[in-house]
Amino acid sequence: MLIRMTEQIDQFFNPDGTLISIPVKSAKKIAVLLHIARDLSPTTKYPEKELNAIIAKYHDDTAAIRRHMIEYGILERDSESVYWVSNDMTSSHPHPKVDPI
């Protein structure tokens, strides 16, 4: 029997939606990051402070979450610390509010 990835990542979230811990395994980490990225608009550019406010709803270590999102190609950033959802992400997942799992 296959277990949906959302069921596998539920173990990383508290009932209030906050992240307990960042998964070590890449597949689960990416699934958690994509879950958080659903709060981001594909057409919005986010200054670091604004992005941190969104990420902080899930986890206190906003820098780690940002780094992982960039590492896995979910977000891109410019030299002025402005972030946006990667074009690769929006082309393969046209609407980040839809659960990509």
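The values are calculated or read from the model by the stated rules, or taken from the named source; none is laboratory data. Predicted, not measured: the structure shown is a model, and the values here were computed from it. Here Cβ is always computed from backbone atoms with ideal geometry, including for glycine, and neighbour counts include all displayed protein chains.
Brief remarks on what is shown
- Figure legend. Inter-residue proximity from region 53-78: first residues charged (D, E, K, R), second residues assigned to a loop (DSSP other than H, G, I, E, B), beta-carbon distance below 6 Å, spacing 6+ or different chains. Indicated pairs: GLU76/SER86.
- Residue within region 2-9 that is of a type in the set (A, V, I, L, M, F, W, C), modelled with pLDDT under 95 and surrounded by fewer than 11 Cβ atoms within 10 Å (Cβ to Cβ) present: yes
- Region 75-95, subset among the β-branched types (Val, Ile, Thr) and touching an Asp or Glu at 6+ places or on another chain (Cβ under 9 Å), residue farthest from PRO23 (Cα to Cα): VAL82
- Restricted to region 1-74, the set of helices (runs of 4 or more DSSP H) holding at least 1 residues that are closer than 17 Å to ASP88 by Cα comprises 26-37, 62-71.
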